[in-house]
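S.K.: This is the structure I want to talk about, given as structure tokens.
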Amino acid sequence: MLYQVYETQRSLFEPFAEFAHAAAKLYNNPISPFSQSSMAQRISATYDLIYRLGKDYEKPTFGIQSVKVQGADVAIQEQIEINKPFCDLIRFKRYTSEIEALKHLKQQPVVLVVAPLSGHYATLLRDTVKNLLTDHKVYITDWKNARLVPLSEGEFHLDDYVNYVQEFIQHLQKQYGNCHVISVCQPTVPVLAAVSLMATRGELTPYSMTMMGGPIDASRSPTAVNNLAMNKSFSWFENNVIFRVPLNFPGAGRRVYPGFLQHAGFVAMNPERHLKSHYDFFKDLIKGDNSSADNHRTFYNEYNAVLDMDAAYYLETIQVVFQDMRLVKGTWDVKSTDGKMERVRPQDIKNTALLTIEGELDDISGSGQTQAAQGLCTGIAPSQYRHLEVPGAGHYGIFSGRRWREVVYPTVKDFILAHQPSLSESLKAKQPKTSSVRNTSKKAAPRALPTKAKATAKRINKKTPTA
């Protein structure tokens, strides 16, 4: 019922938000007579703020059109490599006609970035992807908004998440021999489970795992987020945050943890900071500081865009990861695609290097929570794992912004390169034992290049070398 009330309120306010948008432009346009008023700038700023507080924020785009590789401009095109009901595997395909750059691209490591399914879209990792593309072949999990998934597709469980990750890894292994995996925040747990199960079965596991700011052991330095998940009962979550999708969406009737509730939780963690940010935005508009105002818009376009999570997945994550801590206790059983229950045994991982990364000031995943993975993966030789704590970095700082670019990324790049066999060895690598796993994924057409990249796209045809 709450979801329907929220949607009704949003629909009713939407025309007013659009009116505010138009009025802001009317009072800001230099050729408009309204802009000549002494209060024009202040009125325009007020309307602009009302618009941004009331508008509906849609899923952002990655918007990565090109990157520099060895001084050459390399065009980027997004392609849906695998289409699953609740997730797409996106490939960032790189195009160049520079022969030397192409040779370099073809020998770069393959990286699967597993984005979090915890409220925001995968585009939150835009900075992560953009840097990785200069030195790696990059794929990312693009999780879908559960309210857009029809009920006919069934529920999405934590076990399904683990199975998706395994399928994506195996897909890249078939194409390239093997790959590296990077997980950011929430997916550190299902990724560790996926690789553990592959190791237990005797399958080929990734060259390396990089885990960043995730709740492997939420009992270490628990944060406000951890305390909420651990101190409220399972029934409390089921009764207070789970609602059915309204009739005006494809997933009508699906039980979800709505995005608008998650967003309210995000804001409630630091209400003063968000209030100050919006007030500063208002002042920047009055002063005509368009650069600062645009930075505010860019951040909140991403921050305010949220997705619904399937109730089964969300509730199971609360129970398995935070309340029962089954991964840490060694009691987690995952249902595979063939219906068989398998015990998650991180100690069985032997041939995958491990890098754990934490932010000194992380208020979502506390100190030691990610590093706990090293204590679980006892089969990995000490020389094959490393831990990095980033001074002064909060949760977002370990995968986005200056500290990510200057401190974290160089470490990740060097770690991956140190555990990447030569190209000839990679091609001879043993193929994973996946013959018994039926691939029901669908191939989808490439995504169109962004508008600004059309000029670059004209130079790309079927004969253009790619990597």
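S.K.: Out of all the residues in segment 56-77, is one or more surrounded by fewer than 17 Cβ atoms within 10 Å (Cβ to Cβ), assigned to a strand (DSSP E or B), in contact with a Pro (Cβ under 6 Å, 6 or more places away or on another chain) and not hydroxyl-bearing (Ser, Thr, Tyr)? Steps first, please.
M.R.: Residues of segment 56-77 surrounded by fewer than 17 Cβ atoms within 10 Å (Cβ to Cβ): 56-59, 61, 63, 68, 70-71, 73.
Now restrict to residues that are assigned to a strand (DSSP E or B): 68, 73.
Restricting the remaining residues to those that are in contact with a Pro (Cβ under 6 Å, 6 or more places away or on another chain) gives none.
No, the conditions are met nowhere in segment 56-77.
S.K.: Same structure again: Tell me, yes or no, whether segment 283-296 has at least one residue that is outside any helix (DSSP H, G or I) and at pLDDT 95 or above.
M.R.: Here is the first cut: in segment 283-296, the ones outside any helix (DSSP H, G or I) are 288-289.
After this cut, where a residue has to be at pLDDT 95 or above as well, the list is none.
Looking for residues that are outside any helix (DSSP H, G or I) and at pLDDT 95 or above, one finds none in segment 283-296, hence no.
S.K.: Residues that are over 25 Å from Asp127 (Cβ atoms) and either over 17 Å from the mean Cα position of the chain (by Cα) or of a type outside the set (A, V, I, L, M) (or both): does segment 179-187 have at least one?
M.R.: Step one: filter segment 179-187 for residues over 25 Å from Asp127 (Cβ atoms), giving none.
No, because not a single residue in segment 179-187 is over 25 Å from Asp127 (Cβ atoms) and either over 17 Å from the mean Cα position of the chain (by Cα) or of a type outside the set (A, V, I, L, M) (or both).
S.K.: Something else now. Checking the condition at negative phi and without any contact (Cβ under 8 Å) to a residue 60 or more places away in the chain, which residue from Asp348, Asp338, Asp324 passes? Full working, then the answer.
M.R.: Working: Asp348 fails: without any contact (Cβ under 8 Å) to a residue 60 or more places away in the chain; Asp338 fails: without any contact (Cβ under 8 Å) to a residue 60 or more places away in the chain.
Criteria check complete, one pass: Asp324.
S.K.: Phe156 - would you say it is at pLDDT 95 or above and in a loop (DSSP other than H, G, I, E, B)?
M.R.: Numbers: at pLDDT 95 or above: yes; in a loop (DSSP other than H, G, I, E, B): yes.
When the stated conditions are applied, Phe156 passes them.
S.K.: Answer yes if at least one residue in segment 198-208 is of a type in the set (A, V, I, L, M), farther than 25 Å from Tyr409 by Cβ and in a loop (DSSP other than H, G, I, E, B), and no otherwise.
M.R.: yes
S.K.: List, please: which pairs have Cβ atoms under 7 Å, are six or more places apart or on different chains, and start with a residue in segment 294-312 that is among the basic types (Lys, Arg) and end with one that is assigned to a helix (DSSP H, G or I)?
M.R.: Listed by first residue and then by second, the contacts come to nothing, as the list is empty.
S.K.: Are any of the residues in segment 251-259 closer than 30 Å to Glu360 by Cβ, among the β-branched types (Val, Ile, Thr) and in contact (Cβ under 8 Å) with a residue 24 or more places away in the chain?
M.R.: No: segment 251-259 contains no residue that is closer than 30 Å to Glu360 by Cβ, among the β-branched types (Val, Ile, Thr) and in contact (Cβ under 8 Å) with a residue 24 or more places away in the chain.
S.K.: Give me the residue from segment 262-276 that is free of Cβ contacts under 8 Å to residues at least 24 places away in the same chain and among the hydrophobic types (A, V, I, L, M, F, W, C) and, out of that set, surrounded by the most Cβ atoms within 10 Å (Cβ to Cβ).
M.R.: Val267
S.K.: Just to be sure I understand the filter: pairs with C-beta atoms under 6 Å, separated by 6 or more residues or on different chains, first member in segment 204-233 and within 25 Å of Leu172 (Cα to Cα), second member of a type in the set (Gly, Ala, Ser) and assigned to a loop (DSSP other than H, G, I, E, B). Which pairs pass?
M.R.: Gly213/Ser365; Gly214/Ser365
S.K.: Val114 is checked against (1) within 24 Å of Ala194 (Cβ to Cβ); (2) without any contact (Cβ under 8 Å) to a residue 24 or more places away in the chain and fails just one. What number does that condition carry?
M.R.: Here Val114 meets the rest and fails (2).
S.K.: Something else about it: Suppose we filter Glu155, Glu203 for residues that are within 30 Å of Arg255 (Cα to Cα), in contact with a helix residue (DSSP H, G or I) (Cβ under 9 Å, 6 or more places away or on another chain), of a type in the set (D, E, K, R) and surrounded by fewer than 23 Cβ atoms within 10 Å (Cβ to Cβ); which single one remains?
M.R.: On the way: Glu203 fails: within 30 Å of Arg255 (Cα to Cα).
Unique residue meeting the criteria: Glu155.
S.K.: State all residues of segment 1-55 that are assigned to a helix (DSSP H, G or I), under 30 Å from Asp308 (Cβ atoms) and among the basic types (Lys, Arg); if no residue qualifies, say none.
M.R.: Answer for segment 1-55, where residues must be assigned to a helix (DSSP H, G or I), under 30 Å from Asp308 (Cβ atoms) and among the basic types (Lys, Arg): Arg10, Arg52.
The values are calculated or read from the model by the stated rules, or taken from the named source; none is laboratory data. Since the structure is predicted, the reported quantities are computational estimates derived from the model, not experimental observations. So basically every Cβ, Gly included, is an ideal-geometry build from the backbone, and we count neighbours across all protein chains shown.
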